[in-house]
Amino acid sequence: MVKKLIFIFILINFKNLSYAVSTVNNGQGQLELSEKIIQDFYSYITTGIQNNPINFFITADHNNSYFIINKNTNYKGYSGSGPIKRNKTKCEAKYKQPCYLFSNQRFIVWNNQINPIKKNKSKLKRKISYDQLITILLELGFVTKSNETRKKENLESIFDEILN
């Protein structure tokens with residue numbers, strides 16, 4: 001009888017396993033990503049197939065980013081709370097301020113009330129183009145200007161520098 005109860009207990013727990021992404025220490029609130037952070041994030045998510053982008057953090061002042069990529073690994077799973085805490089501590093030691101998790105693997109976990117933190121909306125593919133990334137970040141509320149507007153503003157600032 002005890003063996004049957006243990007077996008049933010194991011089956012119930014096995015069936016209810018969730019493959020949810022840990023949102024421990026994730027960022028909260030409005031966030032406008034700078035061009036530098038977007039470029040860092042793009043290099044983080046487009047790592048080679050043999051590499052595993054672990055965590056991407058953004059500092060409390062929203063000016064810097066810190067990311068961990070595990071090179072030459074077969075493991076492609078999400079980070080749990082232990083690795084997130086260790087990597088967060090490294091980020092905080094480097095920048096001397098609090099850091100918050102923006103992405104776990106290629107899954108954006110920052111809670112800005114627009115990002116649904118759902119696999120079909122917040123998870124990015126490794127082979128994404130820069131323009132696609134900007135479009136997704138615009139939809140999720142992390143950028144307010146389209147890529148065309150950004151390019152136009154960059155060109156205008158370059159012309160202003162040359163002319164002045």
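Take the residues in the range 39-76 that are hydroxyl-bearing (Ser, Thr, Tyr) and part of a loop (DSSP other than H, G, I, E, B), then tell me which one is nearest to Ser122 (Cα to Cα).
Looking only at the range 39-76, we keep the residues that are hydroxyl-bearing (Ser, Thr, Tyr), and these are 42-44, 46-47, 59, 65-66, 73, 75.
If we keep only those that are part of a loop (DSSP other than H, G, I, E, B) too, we end up with 46-47, 73, 75.
On the way: Thr46: 15, Thr47: 18, Thr73: 24, Tyr75: 21 Å.
Among those that are hydroxyl-bearing (Ser, Thr, Tyr) and part of a loop (DSSP other than H, G, I, E, B), it is Thr46.
One line per residue, one yes/no per condition, for (1) modelled with pLDDT under 90; (2) over 12 Å from the mean Cα position of the chain (by Cα):
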position: Ile6; (1), (2): yes, yes
position: Asn16; (1), (2): yes, yes
position: Asn26; (1), (2): no, no
position: Glu32; (1), (2): no, yes
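Being out of contact with any Pro (no Cβ under 8 Å at 6 or more places or on another chain) and exposed (fewer than 13 other Cβ atoms within 10 Å of the Cβ) is a condition met by at least one residue of the range 61-69.
Taking the numbered list (1) out of contact with any Lys or Arg (no Cβ under 8 Å at 6 or more places or on another chain); (2) surrounded by 15 or more Cβ atoms within 10 Å (Cβ to Cβ); (3) part of a helix (DSSP H, G or I); (4) not aromatic (Phe, Trp, Tyr) in turn, Ser79 passes all entries but (3). Of all residues in the range 92-145, those satisfying the criterion of being exposed (fewer than 13 other Cβ atoms within 10 Å of the Cβ), of a type in the set (S, T, N, Q) and either in contact with a Lys or Arg (Cβ under 9 Å, 6 or more places away or on another chain) or part of a loop (DSSP other than H, G, I, E, B) (or both) are Gln97, Gln113, Ser129, Thr144.
The values are calculated or read from the model by the stated rules, or taken from the named source; none is laboratory data. A quick note: this is a predicted structure, and the numbers were derived from the prediction, not measured. Please note: Cβ atoms are built from the backbone with ideal geometry, for glycine as well, and neighbour counts cover all protein chains shown.
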